[in-house]
Amino acid sequence: MVKIERSFPAPSSLAKEAAKKNGSYEKPDVVEQLKEDFHNKCYICGLKNLQDPQVEHLLPHKNGKYHERKFDWNNLFWSCGHCNGVKNQRKYDFGILDCCKIDPEQEIIFRLKQNDIELLSRADIPDAETARAMELIMEVFNLKNTGLRVYKSDMRLKELQKEMNLLFDNLEKLKEAPASGILLQKLRVLLKRESAFAAFKRCYVKEHLSDYPELTAFIQ
Ligand SMILES: [Zn+2]
């Protein structure tokens, strides 16, 4: 999870649809703007180029019970179906950290361990929204309570491992050729917030910055 710059004004269909009895929050202007703002990446798991994107509500509208939440641009997020499904549990009803307002990298340390992820709060005691975001991210990589979730959680972990290996390969090469322009360009792209699983990669480099001082500008 990384900081997202949400663009304004809100897509114009939202106000119009909110005034209707059975309005939709998924008109093309909303979908296109969310896809672009979120770099077509699930804001929860970090998977890129989603095949099954969904418009997710940070605070659930509960089948329209909370009408204003349903069409509130600030409450609409871009997620994959897996994460949206996992988040649909009562314990997340009060929302999770809002990555459009707060930089998750300032709150959470993201690490890939041997065969799991590890998330640590930067504060001694995380606030409730950060704690719930951490619990949710752990779940989307680990929850295996249905056959499909075994597959989907595993797939995300494997994709994350692949992306981290790509980073490690390039970091290894950088040690041998610290002034290589091509390598630095590759690493700059790999460490962009737009990239897949960016929080994990950026966090790794931050934690090993003394080994790679030339990458400082890429993780700002
Ligand atoms: Zn996801």
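No lab work stands behind these numbers, since they all come straight from the coordinates. What you are looking at is a predicted structure, and each value in this text was computed from that prediction instead of being measured. We place every Cβ from the backbone using ideal geometry, glycine too, and count neighbours over all the protein chains shown.
Relative contact order of the chain, please, whole-number percent, based on alpha carbon pairs below 8 angstrom and at least 6 residues apart. Walk me through the intermediate numbers first.
On the way: 297 pairs, mean separation 42.9, N = 220.
So the answer I get is 20 percent.
At a 10 Å Cβ-Cβ cut-off, how would you order HIS39, HIS67, fewest neighbours first?
Taking fewest neighbouring Cβ atoms as first place, the list is HIS67, HIS39.
Kindly put LYS87, LYS35 in sequence by how many other C-beta atoms sit within 10 Å of each C-beta, fewest to most. Don't skip to the answer; put the middle values down first.
Working: LYS87 24, LYS35 15.
Listing LYS87, LYS35 from fewest to most nearby Cβ atoms yields LYS35, LYS87.
Find how many whole Å separate the alpha carbon centroid of segment 147-180 from the alpha carbon centroid of segment 58-110.
Measuring centre to centre over Cα atoms gives 27 Å.
Which one, GLY95, MET138, GLY64, is farthest towards the positive end of the dipole of the chain when Lys and Arg carry +1 and Asp and Glu -1 on their Cβ?
GLY64
What whole-number volume per residue, in cubic angstrom, does the convex hull of the C-alpha atoms of segment 13-219 give?
For segment 13-219, the hull spanned by Cα atoms encloses 133 Å³ per residue.
With runs of 4+ DSSP H residues as the only contributors, calculate the mean residue ellipticity of the chain at 222 nm using -39,500 (n - 2.57) per run, divided by the residue total and rounded to the nearest 500.
It lands at -13500 deg cm²/dmol.
Counting other beta carbons within 10 Å of each Cβ, put TRP78, TRP73 in order, fewest first.
Going from least to most buried by this count: TRP73, TRP78.
Can you check what the net charge comes to around LYS144, using other residues whose Cβ is under 15 Å from the Cβ of LYS144 (Lys, Arg +1; Asp, Glu -1)?
Computed value for this residue: +1.
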